[in-house]
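Structure first, commentary second.
The values are calculated or read from the model by the stated rules, or taken from the named source; none is laboratory data. Worth saying up front: this structure is predicted, and the values here are computed from it rather than measured. Every residue, glycine as well, gets a Cβ built from its backbone with ideal geometry; the counts of neighbours run over all protein chains shown. Heavy atoms of the whole protein, side chains included, go into the accessibility calculation; ligands, DNA and RNA do not. Shrake-Rupley method; radii C 1.70, N 1.55, O 1.52, S 1.80 Å.
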Amino acid sequence: MSFNSFGHLFRVTTWGESHGPSIGCVVDGCPPGIPLTESDIQPYLDRRRPGQSKFTTQRQEPDTIRILSGTFEGRTTGTPISLLIDNVDQRSKDYSNIARAYRPGHADITYDLKYGFRDYRGGGRSSARETAMRVAAGAIARKVLGGSVLIRGALVQIGPHAINRAHWNWHTISTNPFFCPDAQAAAEWEIYLAGIRKAGSSIGAIVEIVADGVPVGLGAPIYAKLDADLAAALMSINAVKGVEIGDGFAAATLHGAENADRMHMQGDRVVFETNHAGGILGGISTGQPVVARFAVKPTSSILTPVSTVASDGTDTEIVTSGRHDPCVGIRAVPVGEAMMACVLADHLLRHRAQNPSAPTEARVPV
């Protein structure tokens, strides 16, 4: 299987399976001299870790990270950084009943058609377990970006129930199990998702990622558009079926005058009055917040019997037992943050290589 890496100058390669002994990644291209220890990475993994509430899978994985290479005396050396997490709570027997049947909505059928072989234990390589290593890599990407870039994510909709944006409060995210910025919506979601979980079903969600403090000039106009790379990175997350930047699909309902992000001068700086473009114009960052949203489909593993086919070509019915997220969008929030961080770090290094003295703010060229 090829294509286990993403990024150009800041490049991440992940490896491992859901029910293997461990998972890991190699981060290549990280500049030397950056302070980095396990304690810089672990808090982000703790936010993604399963089993923290009744609304996520009850698989108990501590996700303890180990740095195997690429640092010396607490700083990066510029060499590949190898990271490892041991899997400690696999229950492969939960999947024995699907060894010969394809789960609808999963990658089972496509893996078998492409490779002639599949690891049915939790989905193997296609499992969302792999995203733990993206979160670890994202923590390193944040160190590359520096403290001036702040990346935050929130769950803004579960099923048909969206937040009230007038209630948005970033501090509220840490007070509920949904990464929800609206306390009232979070209380309503708790009741709604409890019913979904008890019914043995699942539901989709929408996640929003915002990066503040992004320097001007990241990206390129044609084949290295910042929004294109960001969309590809977010689309690579398990169960994601749609991505939008800024107003996204809602921009199709606007007139040109409504959609235009008007500008005016404030001293020698260019100030945008709105941010319909999501901080990216012509594939290049404007210095405004970079805003992206992605839609996550309902978890495919459900207790409702559904018709499918077996690997021997017979029709059958399947019920997926085991421990699964009733809404996988919840734990996708820190994963989305990590992918945003990795893309921005990669583009920052590319930008520095081509324009080492370029400005970081929107100022009129003299």
Debye-sum result for the chain in log10 I(q)/I(0), which assumes one identical scatterer on each alpha carbon, at q = 0.12, 0.13, 0.14 Å⁻¹: -0.94, -1.09, -1.24
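In deg cm²/dmol, rounded to 500, what helix-only [θ] at 222 nm does the chain give when every DSSP H run of at least 4 residues adds -39500 (n - 2.57) and the total is split over its residues? Numbers along the way, then the final one.
On the way: 7 runs with 87 residues, N = 366.
Calculated from helices alone, the mean residue ellipticity at 222 nm is -7500 deg cm²/dmol.
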Whole-Å semi-axes of the ellipsoid equivalent to segment 211-303 (Cα gyration tensor, √5λ, descending): 29, 16, 11
Residue pairs, from the table Lys114/Lys297; Lys143/Lys225; Lys114/Lys225; Lys143/Lys241; Lys114/Lys198, whose Cα atoms sit over 27 Å apart: Lys114/Lys225; Lys143/Lys241; Lys114/Lys198
Phi-based couplings in Hz for segment 135-147 (Karplus 6.51, -1.76, 1.60; Gly and Pro marked x): 5, 4, 5, x, 5, 5, 4, 4, 5, 5, 5, x, x
Low-density loop positions, trypsin sites (Lys or Arg not before Pro), segment 262-327 - DSSP coil, at most 16 other Cβ in 10 Å: Arg262, Arg323
Solvent-accessible surface (1.4 angstrom probe) belonging to Asp86, in square angstrom, nearest 10: 70
Under-5 Å amide H pairs with His324, H placed in peptide plane, nonlocal only: Gln58
Rounded to whole Hz, the Karplus (6.51, -1.76, 1.60) HN-Hα couplings of segment 38-44, x for glycine and proline: 4, 5, 7, 9, 4, x, 6
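Relative to the present Cα-Cα distance, how much length would full extension add between Arg66 and Ser148 at 0.36 nm per residue of separation? It would help to have the intermediate numbers written out before the result.
On the way: separation 82, 0.36 × 82 = 29.52 nm, distance 2.66 nm.
Length difference between fully extended and current span is 26.9 nm.
Hey, could you get me the Stokes-Einstein D for segment 130-173, Kirkwood radius over alpha-carbon pairs, 4 °C and 1.567 mPa s, rounded to whole µm² s⁻¹?
Working: Rh = 13.0 Å.
Roughly 100 µm²/s, to the nearest whole number.
So what is the accessible area of segment 191-314 per residue, in Å², with the probe set to 1.4 Å?
Values: 5910 Å² over 124 residues.
In whole numbers, segment 191-314 has 48 Å² accessible per residue.
With charges only on Cβ, +1 for K and R and -1 for D and E, what is the dipole size of the chain about its Cα centre, in debye, rounded to 20?
Values: 35 positive and 35 negative charges, 86 e Å.
Value, rounded to 20: 420 debye.
Report the full-extension gain for the segment Ala260 to Phe3: residue separation times 0.36 nm, less the Cα-Cα distance, to one decimal in nm. Each step should come with its number before you reach the end.
Numbers: separation 257, 0.36 × 257 = 92.52 nm, distance 3.79 nm.
Working it through step by step, the gained length comes to 88.7 nm.
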Relative contact order (%) - criterion: Cα under 8 Å, at least six apart; region: segment 245-348: 18
Segment 162-176 - phi-based ³J(HN,Hα) in whole Hz, Karplus 6.51/-1.76/1.60, Gly and Pro as x: 9, 6, 8, 5, 5, 9, 4, 9, 4, 5, 5, 4, 7, 9, 9
Protection proxy ranking, peptides 310-317, 148-155, 324-331, average beta carbon neighbours within 10 Å, highest first: 324-331, 148-155, 310-317
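Give the shape of segment 79-192 as rounded, prolate or oblate, defined through the alpha-carbon gyration tensor: a ≥ b ≥ c are the square roots of its eigenvalues, a/c under 1.5 means rounded, and otherwise the shape is prolate if a/b is larger than b/c and oblate if not.
oblate
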